[in-house]
Amino acid sequence: MVTRLSERLPGSRREPDSDGRSLVIAVARDGHGRPLATTALTGPDPYEMTGALLTWGAVHAAAPDAVLKPGVHGPVAAFGLYTLRLGAAEAGVREVDEASGRRR
């Protein structure tokens, strides 16, 4: 039943597009909703990017020298910001240069 319903959703038959790109814009806000920082990232097709990031995380979490505490963790808590940035770069995610709109 769920499979039949999901096949009717828009984009259910979509496949990765080698020419596709992702654009991620994030805004950190304070407790009053005022923006503190903004960043924009670009990367490959959303499906390709998601798969690459999940694969990278799984490989690093399963490494013999991985030091992960039991339980659920977000990516920064699990790997640390520096390591996560390296993993994102491996997955093709790059920061957009705000002035030029180009990838760094």
Handout entry: Selection count, the stretch 27-64, where residues are under 18 Å from Leu81 (Cβ atoms), under 11 Å from the mean Cα position of the chain (by Cα) and either among the hydroxyl-bearing types (Ser, Thr, Tyr) or not in a helix (DSSP H, G or I) (or both)
Key = 2
Handout entry: Residue in the stretch 83-95 that is surrounded by 12 or more Cβ atoms within 10 Å (Cβ to Cβ), among the basic types (Lys, Arg) and at pLDDT 90 or above present
Key = yes
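The values are calculated or read from the model by the stated rules, or taken from the named source; none is laboratory data. All figures in this text were calculated on a predicted structure; none of them were measured in a lab. Heads up, the Cβs are rebuilt from the backbone with ideal geometry, glycines too, and the neighbour counts pull from every protein chain shown.
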